[in-house]
Amino acid sequence: MTTIHPTAVVSPEVELGRNVQVGPFCVLEGPVRVGDDSILHSHVVLKGRTTIGTNAEIFPFASVGHRPQDLKYSGEESCLSIGDYCTIREHVTINPGTSGGGLETRIGDHVLLMAGAHVAHDCHLGDHVIMVNQSTLAGHCLVDSHAIVGGLSGVHQFVRIGAHAFVGAMSMVENDVIPYGSVLGNRAYLGGLNLVGLKRRNFDREEIHTLRAAYRMIFSNEGTLRERVEDAAELFEGHKLVEDVVAFVRKPSERAICMPKNGVDVGS
């Protein structure tokens, strides 16, 4: 049974699923849709063309769906889509898209946004992404599934962060982070592979060893990056983890690739 606290403000066009709980002093305004079994704790604000999936939990003082912080935004109808089983903690801010980025900000399933995290306009997050406290994404960032953005980190607009990558706490990331990579620092550099994450997620041991060998080849000092990537693609054909990295580097991007700072290190 859906319940709405008497102090909450819910506009007529809002659509609430089954068993939704809207807590005290929440404000839901515009064509907002909230999926089944979701919980909005007190003082949550949802606005605009915002869709929340099922089994979401949103904590006090989160602001979801208010106009983008982009001076070029001129009121065009854009949307924000959030998947199932997402947790949005206190003081999180998420903005919808703009005409310069496809008019949509999209967040996948099972995403955890910890207190104070910010997702700007036109960002796309995959499934199982974690943004730790006070981490921030500028506009148009792409964060693939299972990536983790450490606390107090800032990510430059148009940056891509690959699947299963890890951004260390207090990093400033201005370039793309390869899948399975680990970056840290200001400005962030590639510190190796996210081997801890790969092991925790039960990746095959031999595939990890193969990825380490490919990493050494791709980020060595011989030849150009393009040449090394092509060599790795040929030598490690059929190895999915390596193919993921190769495809990521080959894909056109607004930003460069994060590189190692002092030689190649595959991580611990």
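One table, with the values for the structure above:
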quantity: Computed E for Leu71/Arg187 - FRET, C-beta separation, R0 25 angstrom, nearest 0.05; calculated: 0.50
quantity: Computed E for Leu225/Asp36 - FRET, C-beta separation, R0 35 angstrom, nearest 0.05; calculated: 0.15
quantity: Length released on extending from Glu237 to Glu206, taking residue separation times 0.36 nm less the Cα-Cα span; calculated: 9.7 nm
quantity: Over segment 156-229, relative contact order from alpha-carbon pairs under 8 Å, at least 6 apart, %; calculated: 20
quantity: Label-point separation in nm, Phe25 to Glu57, each point 7 Å along Cα→Cβ; calculated: 2.1
quantity: Long-range lysine pairs (8 or more apart or interchain), the chain, Cα under 23 Å; calculated: 4
quantity: Normalised contact order of the chain, rounded percent, pairs of Cα under 8 Å and 6 or more residues apart; calculated: 9
quantity: For the chain, alpha-carbon Rg and Dmax in angstrom; calculated: 20.0, 67
quantity: Volume per residue that the Cα convex hull of segment 86-152 spans, once the total is divided by residue count, Å³; calculated: 59
quantity: Largest-first principal axis extents of the Cα set of segment 147-243 (Å); calculated: 38, 33, 20
quantity: Accessible surface of segment 189-238, 1.4 Å probe, proportion on carbon and sulfur as whole %; calculated: 43
quantity: Packing rank of 18-26, 128-136, 2-10, where each peptide gets the mean count of other beta carbons within 10 Å, highest leading; calculated: 128-136, 18-26, 2-10
quantity: Whole-Å semi-axes of the ellipsoid equivalent to segment 1-57 (Cα gyration tensor, √5λ, descending); calculated: 14, 14, 10
quantity: Segment Ala169-Val9, extension gain: residue separation times 0.36 nm, minus the distance between their alpha carbons; calculated: 53.9 nm
quantity: Quotient of Cα Rg and 2.2 N^0.38 Å for segment 33-166, N being how many residues it contains; calculated: 0.93
quantity: Rounded to 5, percent antiparallel among DSSP beta bridges of the chain; calculated: 5
quantity: The chain, helix-only ellipticity at 222 nm - DSSP H runs n ≥ 4, -39,500 (n - 2.57), divided by all residues, nearest 500; calculated: -4500 deg cm²/dmol
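The values are calculated or read from the model by the stated rules, or taken from the named source; none is laboratory data. This is a predicted model, so every value here is computed, not measured. Positions of Cβ are backbone-derived with ideal geometry, glycine not excepted, and every protein chain shown enters the neighbour counts. What goes into the accessible areas is simple: the full protein's heavy atoms, side chains included, and nothing from ligands, DNA or RNA. Shrake-Rupley method; radii C 1.70, N 1.55, O 1.52, S 1.80 Å.
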